[in-house]
Each structure stands twice: as structure tokens, then as C-alpha cells.
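Here the structure comes first, spelled out in C-alpha cells, and everything after it is commentary.
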Amino acid sequence: MLQKLYLCKKYESRCPIFTLILDLAMKGIIINNVEYISDLILSLIFSDGKKQTIDFSEFFAKHPHPQYDKYAKKSEFKKYWLRNGNLIWGKHADLQFPINALYQGNLELCCDD
């Protein structure tokens with residue numbers, strides 16, 4: 001496996017998740033399909049066959065931000081789309097999550113506060 005060092009802004013040390021990011025990228029893993037389940041819950045199917053169901057409500061509650069707070073409303077949340085295997089909200093990619101966070105079902109991996 002490719003080994004690299006990555007400097008996390010939060011910890012200013014080796015980032016333990018960078019290896020996973022590289023691994024997913026090397027394997028070409030992307031999101032193939034997204035299905036709306038309910039409220040702020042989506043089911044994702046990745047190119048390696050893995051299925052992950054994610055509830056985004058906790059992320060929105062813990063990480064308010066004027067740029068993407070509107071997507072915490074069900075009507076706006078349902079306007080997600082896929083671009084190059086990435087899950088995106090907004091015409092200008094107002095909100096998107098790292099593939100490794102979605103793959104693991106842990107949205108806290110993407111937070112740097």
C-alpha cells in the first residue's frame with residue numbers, strides 16, 4: 001500500500017485516515033448509487049458493493065454553517081446528486097463529504113473544528 005504523510009490541520013500530526021483515503025482512491029472506489037430513505041437518511045452503494053446507510057441529522061445539528069444549513073431541511077436535503085462518484089448538494093458543491101467518511105459511515109472524520 002502507498003504510504004504518505006499527511007498533516008491534519010486539527011492535530012498537526014500524522015493523519016490516521018489518510019491511509020484509508022489513499023486506499024480508496026487507489027482502488028477507484030466511488031459512490032455508484034444513492035437512495036433517499038427518510039428525513040435526513042440516505043443509503044449509499046459504493047463501487048465495491050459496500051452499502052452504507054447514513055443519518056446526516058447529527059452532522060447538521062453539531063456543525064451549523066450558513067453555507068449549508070438549508071440542506072438540513074428535508075426538501076433541500078433531497079436535492080443531492082452524484083458527480084464523478086461523489087455525493088454533492090448545491091449547484092456549486094455547497095456541501096459534500098470525503099468519500100472515506102461516507103464509506104465508513106462516520107461523518108465526524110470530515111470535520112476539522
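Please treat every number below as a calculation from the coordinates, not as lab data. Model, not experiment: these values are computed from the prediction.
A few points about this structure:
- Computed from phi, the 3J(HN,Hα) profile of the stretch 45-57 under the Karplus parametrisation 6.51, -1.76, 1.60 (θ = phi - 60°) reads 10, 8, 5, 8, x, 5, 10, 9, 9, 10, 9, 8, 4 Hz, with x in place of Gly and Pro.
- Three semi-axes describe the equivalent ellipsoid of the stretch 31-108; taken as square roots of 5 times the Cα gyration tensor eigenvalues and ordered largest first, they are 19, 13, 12 Å.
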